[in-house]
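The values are calculated or read from the model by the stated rules, or taken from the named source; none is laboratory data. Note that the coordinates shown come from a computational prediction; the quantities given were computed from them, not determined experimentally. With ideal geometry, Cβ positions are generated from the backbone for all residues, glycine too; neighbour counts draw on all protein chains shown.
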Amino acid sequence: MTSTAVRSEQDNGERLLAGDIRALRKARRLTLAEIALKLGRSVGWVSQVERGLSVPSLGDLRNFAELFGVPLSLFFSHDVPAEKERGVVVRAGSRRSLGTSESGLVEELLSPDLGGSFEMLRSVFAPGAELKTEARRPTEEAGYVASGTFEIEIGGVWHRLDEGDSFRFEGKPFRWRNPGAEPAVVIWVVSPPVY
């Protein structure tokens with residue numbers, strides 16, 4: 001690969017990172033000034049990061065991850081797609097992985113990026129894994145159980161779902177668990193994006 005091609009790929013990766021940071025800020029309805037204040041940085045610097053003009057350090061990325069409540073790995077798993085596929089196609093081997101097997105939940109981003117009005121995830125819940133504490137997000141969410149058995153509590157009511165079943169809820173508290181002996185795979189859609 002020529003040095004020009006390497007630089008072009010780096011530039012594309014930096015643009016993807018910049019777009020993700022901007023999308024995360026907007027999804028959380030935060031202003032540039034609020035982000036700058038929370039990070040101890042200038043509004044100009046945050047704006048430059050979001051436009052791909054400045055590249056945040058590893059420490060800065062850790063701070064962004066903590067502020068947005070996302071895993072740091074989200075910012076590092078950019079496989080730069082071919083120009084004609086950018087923002088449109090995600091290849092199976094190029095999905096961004098979120099979470100760890102120790103948590104009992106591993107998610108892959110199926111959406112090309114965090115821009116847009118929703119994100120789509122492939123969530124794999126390990127046998128016996130569960131979210132013990134209720135979560136609540138200002139989002140509309142839907143899921144389709146691709147395999148396994150999955151239980152979800154929405155607004156205080158538990159629902160047992162098997163392969164082929166689906167669900168949807170908006171702004172309600174929820175918890176989940178996999179009561180089965182096999183992993184449960186759920187295709188999950190969230191609007192607006194939270195990762």
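For V46, the criteria (1) at pLDDT 85 or above; (2) over 24 Å from E108 (Cα atoms); (3) out of contact with any Lys or Arg (no Cβ under 9 Å at 6 or more places or on another chain) hold in every case but one, which is (3). Taken over the range 103-155, residues that are among the basic types (K, R) and within 13 Å of the chain's Cα centre (by Cα) amount to 1. For K26, the criteria (1) crowded, with 18+ Cβ neighbours inside 10 Å; (2) closer than 18 Å to P112 by Cα hold in every case but one, which is (1).
Taking the range 140-173 as the range and being in a loop (DSSP other than H, G, I, E, B) and more than 22 Å from A92 (Cβ to Cβ) as the test, the residues that pass are G155, G156, D165, G171, K172, P173. Considering the range 96-139, the qualifying strands (runs of 3 or more DSSP E), each wholly inside and each with 2 or more residues that are under 14 Å from I152 (Cα atoms) and of a type outside the set (A, V, I, L, M), run over 119-125.
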